[in-house]
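The values are calculated or read from the model by the stated rules, or taken from the named source; none is laboratory data. Note that the coordinates shown come from a computational prediction; the quantities given were computed from them, not determined experimentally. Note: ideal-geometry Cβ built from the backbone for every residue, glycine included; neighbour counts use all protein chains shown.
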Amino acid sequence: MLGPFSTKGTVGKGAVHFFAHEVCALWAPDVQRDPETKAMVGVLKAHGRGRRLHCSKCRRLGATVGCYVPSCRKVFHYLCIMAAGCHLVKHHHAIFCPRHKTEAANPIYRSEMQAAEAANAAAVARAEAVAVASAGNPEAGMDAPHFPYTGLRRGESEAIVSLSQGVASSPPDGKTATVAMRTGLVLGPGERLILGDRPMRVPAAVLGGVLARLKAACRPPTNNDNSASAEPPSALKV
């Protein structure tokens, strides 16, 4: 159950308090889940609209779930959907009334539902990235030079990539390490620097990635690599 919610009553009466079933709210087109707070928003709007609509099945007031076809005026209670013979697209919380059942396969409607799902997923990912970048401080990261134009906090873009690609993201801590780029060795404090080894100072947060890339670049060629790169005798040019 969700609630309690409060709304204005009729003339001469006080506020009306009510609760809503979560599953009923999920199927109402006015209701969305806030990506930042995870709370249901739009419940009051759906409740107010439903108080004026009669269910196309039981004819009682309180219907909130309408047919997905924009021109259709059929609307139902959630518990009346199956009894009315509607087609449910459960993944997108959408229904098609008996008359428009076949429209569920319409590529235009399917594309619209997929776009809405993608937008919602992007909003959730953005909210998670903001939470990571701000580390509990709502104003953290807003000092980034591009923030007034992009709305992206310092470190937020890295968090978005990390969350979407499933890779770790380490905030910069100012620590560095010296790597000999020719040999791939990490030099410790006081070790002699040899210019021929191309020493380079890199942030400690990306040290693992740099070493992995150097190791892959220095991998000796195998027989398969040689055979794949060599041209057959018949292809040699004279």
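For the stretch 73-99, which positions are touching a His at 6+ places or on another chain (Cβ under 9 Å) and either exposed (fewer than 14 other Cβ atoms within 10 Å of the Cβ) or not assigned by TED's automatic domain parsing to the domain that holds Ala25 (or both)?
Listed by number, the list holds a single entry, Pro98.
Let's see how each residue does on (1) closer than 20 Å to Ala25 by Cα; (2) of a type in the set (Lys, Arg):
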{"site": "Gly66", "(1), (2)": "yes, no"}
{"site": "Pro70", "(1), (2)": "yes, no"}
{"site": "Arg73", "(1), (2)": "yes, yes"}
{"site": "Cys80", "(1), (2)": "yes, no"}
{"site": "Cys86", "(1), (2)": "yes, no"}
{"site": "Lys90", "(1), (2)": "yes, yes"}
{"site": "His93", "(1), (2)": "yes, no"}
{"site": "His100", "(1), (2)": "no, no"}
{"site": "Glu103", "(1), (2)": "no, no"}
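State all residues of the stretch 45-86 that are more than 30 Å from the chain's Cα centre (by Cα) and of a type in the set (Lys, Arg); if no residue qualifies, say none.
Result: Arg51, Arg52, Lys57, Arg59, Arg60, Arg73, Lys74.
So which residues in the stretch 38-56 are on the phi < 0 side of the Ramachandran plot, part of a loop (DSSP other than H, G, I, E, B) and not small (Gly, Ala, Ser)?
Arg51, Arg52, Leu53, Cys55
Residue-by-condition table, conditions (1) within 24 Å of Glu117 (Cα to Cα); (2) outside any helix (DSSP H, G or I); (3) in contact with a strand residue (DSSP E or B) (Cβ under 8 Å, 6 or more places away or on another chain):
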site	(1), (2), (3)
Ala25	yes, no, yes
Cys58	no, yes, no
Val69	yes, yes, yes
Cys72	yes, yes, yes
His100	yes, no, yes
Glu103	yes, no, yes
